[in-house]
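What follows is a set of notes on a single structure, which appears directly below.
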Amino acid sequence: MTLTGFPFALDPADKHRLLTLEEHEGLCCLLDRARHYGGAGDIAFLCMSTCSLLVRFAPEKTGTWTVCGYAFQKAQEPWVWAYLPSLPGTLLAPPSGKLLFHAERADTADVWLERHDPSLSHGARQLARDTARQMHPHSVGFTHLDPAVYADDGIHWYALEPSKSAEEHTILLPQPPAREPEPADSMPADEIRIVPPRITKTWRVVRGEEKYKLGAVDETSDWYVFADRMRSAMTDT
């Protein structure tokens, strides 16, 4: 079995032909969070609607950040999932062409990864133990950050050892203004909450059993400013 991955790079200013608008915005949001909190080297395997992506978040020499890696045909997704613990090592160098990964060489890839990045290898082994009997792929990732910085993104994150770049950042997620707790029996049934987007969804306002889509946000670099603005608007009303 040979897995074929095609080079993939995200341009935040131009939606990729393989992604829906929501998927493009969700990936831009992940990139923004990785950049903001020092997530250099974080890796994610994302099951999109028309393909699956194995990508790495990394800064370039110019100071900009990129999401680059490989896109796999949807038909190969279950096979990519099966051999995923052996694949992260392919992202330690920028993709220079089409990836041809021979499944029978997975053991060799595991040994190479253990030698070159023990922390990532540990996370890959944990993934292998967790998914050994699962038949259906889902989105997973490897990070040295607190997974909370990626918020409600629909990705299960495996921890890596903190890097120096991560230690230089103080992780402070925006929180609503502190207020005195209310008795449980006086809490309004229609309390309004703002729910951030998953990788394929948009921001939503939830009130009781009702859910309202807010639609796409054009400036993905302002996700947190947007959340604070919505909290303020809901408080004022």
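Output the Kirkwood hydrodynamic radius of segment 1-152, Cα pairs only, in Å rounded to one decimal.
15.8 Å
May I ask you to compute the full-extension gain from T20 to E210, defined as 0.36 nm times their residue separation minus their alpha-carbon distance, rounded to one decimal in nm?
65.8 nm
Ignoring ligands and nucleic acids, what accessible area does D153 show with a 1.4 Å probe (Å², nearest 10)?
10 Å²
Given the peptides 74-86, 13-25, arrange them by the average over their residues of other C-beta atoms within 10 Å, most packed first.
Result, highest mean Cβ count within 10 Å first: 74-86, 13-25.
Hey, quick one: spin label on T64, modelled 7 Å out along Cα-Cβ, who in segment 33-58 has an amide N within reach, i.e. under 16 Å?
35, 57-58
Could I have the simple spin-label model distance between T4 and W79, label points 7 Å from Cα toward Cβ, reported in nm to one decimal?
Each label point lies 7 Å from its Cα, and together they span 1.0 nm.
How charged is the neighbourhood of G123? Take every other residue with its Cβ under 13 Å from the Cβ of G123, and add Lys/Arg as +1 and Asp/Glu as -1.
Result for the local shell: -4.
The values are calculated or read from the model by the stated rules, or taken from the named source; none is laboratory data. No experiment lies behind these values; they were computed from the predicted model shown. Because the Cβ atoms are built from the backbone with ideal geometry, glycine has one as well, and the counts that use them run over all protein chains shown. Just the protein is used for accessible areas: all its heavy atoms, side chains included, with ligands, DNA and RNA removed. Shrake-Rupley method; radii C 1.70, N 1.55, O 1.52, S 1.80 Å.
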